[in-house]
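Peer 1: Below is the structure I would like to discuss, written out as structure tokens.
The values are calculated or read from the model by the stated rules, or taken from the named source; none is laboratory data. The model shown is predicted, which means the values in this text are computed figures rather than measured ones. Quick reminder, even Gly has a Cβ in these numbers, built from the backbone with ideal geometry, and neighbours come from all protein chains shown.
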Amino acid sequence: PFLFDRVGVWEAAKWVSKVRDVTCPSCSKSVVLKTNMQSGHFGEGGRFMRCEETAFEYAFLMKALGMDDMSAK
């Protein structure tokens, strides 16, 4: 459940939307908003959560750099 009610989740979403509109509305540059409703200010705990977060970041970067199709040839 969402426990922090001082800042709404929608505020970050509105900011990302504005950044997308202002920076380059007609290009394909990515502005990503990843929201985890189960975590707090310092991220979700758990044994492997930091590894999962790092894997997500690497996957995003690889896709952004065109390295997402790394099939063996």
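Peer 1: For Ser26, indicate whether it is under 15 Å from the mean Cα position of the chain (by Cα) and either at pLDDT 85 or above or closer than 24 Å to Ala64 by Cβ (or both).
Peer 2: no
Peer 1: Same structure, new question: Looking at the range 33-47 only, could you name the residues that are at pLDDT 85 or above and out of contact with any helix residue (DSSP H, G or I) (no Cβ under 6 Å at 6 or more places or on another chain)?
Peer 2: Across the range 33-47, the qualifying residue is only Lys34.
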